[in-house]
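Throughout, read-outs are computed from the coordinates displayed, never taken from laboratory work. Fair warning: this is a prediction, and the values are worked out from it, not measured in the lab. Positions of Cβ are generated from backbone atoms using ideal geometry, with glycine treated the same way; all protein chains shown enter the neighbour counts.
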Amino acid sequence: MFTHSKPYLLLLFVAMSGTLAAQTPDVSGTWLSNSDASLKWILDQKSGTIHVQELVGDKVEADFTCPLTGQECAAKESGRAEKVMMYFNGNKLVQICEHGNSSVKKRLVISPDGKTLTVNTVPLSSDQKAETISFRRQST
């Protein structure tokens, strides 16, 4: 009775894989904070990696490249060594940062029109606080 179901399962898997890939947005661009004029993020996503630069005014606070597979990478933020993992969960880019005993998760979501990036920060340790920051894509 189920002998012919395997080709259909393969087709279903292929169709679902295409749908998941289509949900992964390209977050590349220069993003300016709506609440802090001095805060700017430059994201460059390509070939399964993402290069992240965070600037406050002219000062580079963070500059690192991570694979988008959830694999841990080394980074520095404000001169402090951190461990960072980044991956897509549907249409959300997830970033987990660990510094000593302090951890935080950020979920980055682009608006459907591609003009707004919302960053929800979720504390994973007691010394962090939840916050939401909205960025607008800088025109080229």
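State all residues of region 55-67 that are of a type outside the set (A, V, I, L, M) and closer than 14 Å to residue 82 by Cα; if no residue qualifies, say none.
If the condition is that a residue be of a type outside the set (A, V, I, L, M) and closer than 14 Å to residue 82 by Cα, then 61, 63, 64, 65, 66 are the ones that fit.
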message = Contact list please: Cβ distance under 6 Å, first residue in region 73-99 and without any contact (Cβ under 8 Å) to a residue 40 or more places away in the chain and farther than 12 Å from residue 50 by Cα, second residue of a type outside the set (S, T, N, Q) and outside any strand (DSSP E or B), pairs at least six apart or on different chains.
response = 83/72
task = Could you tell me whether any residue of region 82-104 is surrounded by 12 or more Cβ atoms within 10 Å (Cβ to Cβ) and in contact with a His (Cβ under 7 Å, 6 or more places away or on another chain)?
result = yes
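Tell me, please, whether a residue that is out of contact with any strand residue (DSSP E or B) (no Cβ under 8 Å at 6 or more places or on another chain), closer than 17 Å to residue 110 by Cβ and free of Cβ contacts under 8 Å to residues at least 60 places away in the same chain can be found in region 46-61.
Looking through region 46-61, at least one residue is out of contact with any strand residue (DSSP E or B) (no Cβ under 8 Å at 6 or more places or on another chain), closer than 17 Å to residue 110 by Cβ and free of Cβ contacts under 8 Å to residues at least 60 places away in the same chain.
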